[in-house]
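Engineer: The structure under discussion is supplied below as structure tokens; questions concerning it will follow.
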Amino acid sequence: MSDDVIARVRAFIAENFLMGGDATLAEGDSLMRAHVLDSTGFLELVGFLENAFDIQVEDPEMIPENLDSLRAIAAYVARKRANAGSA
């Protein structure tokens, strides 16, 4: 599952922020430090995550620990889906 999330998010980033270029980001690379996303880009990423993975990203969850790398995003999506399944 996390590989699917990483692949889909990588494709979204490549298409929307790297102008279709090759997203050669490592799974642990910081999207902010690599200058891939700015604050507006993070909002676009959040919208994508909500639509693509049927989750709701709450304001307090919009932190680097959840959204600043492909690995962090995959773990965050997995937690959100697991919590939704147990609700």
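Engineer: Among residues other than GLU44 whose Cβ falls under 13 Å from its Cβ, what is the net charge (Lys/Arg +1, Asp/Glu -1)? Walk me through the numbers on the way to the answer.
Structural biologist: Numbers: positive: none; negative: GLU15, ASP38, GLU50.
So the surrounding residues net to -3.
Engineer: Here is a further query. For the chain, what does the helix formula give at 222 nm: sum of -39500 (n - 2.57) over DSSP H segments with n ≥ 4, over the residue count, nearest 500 deg cm²/dmol?
Structural biologist: Roughly -19000 deg cm²/dmol at 222 nm, from the helical runs in the chain.
Engineer: As a footprinting exposure proxy, order ASP29, ASP3 by other Cβ within 10 Å, with the fewest listed first.
Structural biologist: Values: ASP29 16, ASP3 9.
Fewest-to-most ranking of ASP29, ASP3: ASP3, ASP29.
Engineer: Rank ASN16, ASN66, ASN51 by mean-square fluctuation in a GNM of the chain with C-alpha springs under 10 angstrom and give only the top-ranked residue.
Structural biologist: ASN51
Engineer: Using a basic spin-label model with each label point 7 Å from the Cα along Cα→Cβ, how many nm lie between ALA7 and PHE42?
Structural biologist: In this crude label model, ALA7 to PHE42 measures out at 2.9 nm.
Engineer: Size of the chain along its principal axes in angstrom, Cα-based, largest extent first?
Structural biologist: Result for the chain: principal-axis Cα extents of 39, 24, 21 Å.
Engineer: Tell me, what is the FRET efficiency for GLU27 and GLU61 to the nearest 0.05, using R0 = 25 angstrom and their Cβ-Cβ distance as r?
Structural biologist: Working: r = 20 Å, r/R0 = 0.79.
For R0 = 25 Å, the calculated efficiency reads 0.80.
Only the coordinates and a few stated rules stand behind these numbers; no lab work does. These figures come from a predicted structure and were not determined experimentally. All Cβ positions, glycine included, derive from the backbone under ideal geometry; neighbour counts span all protein chains shown.
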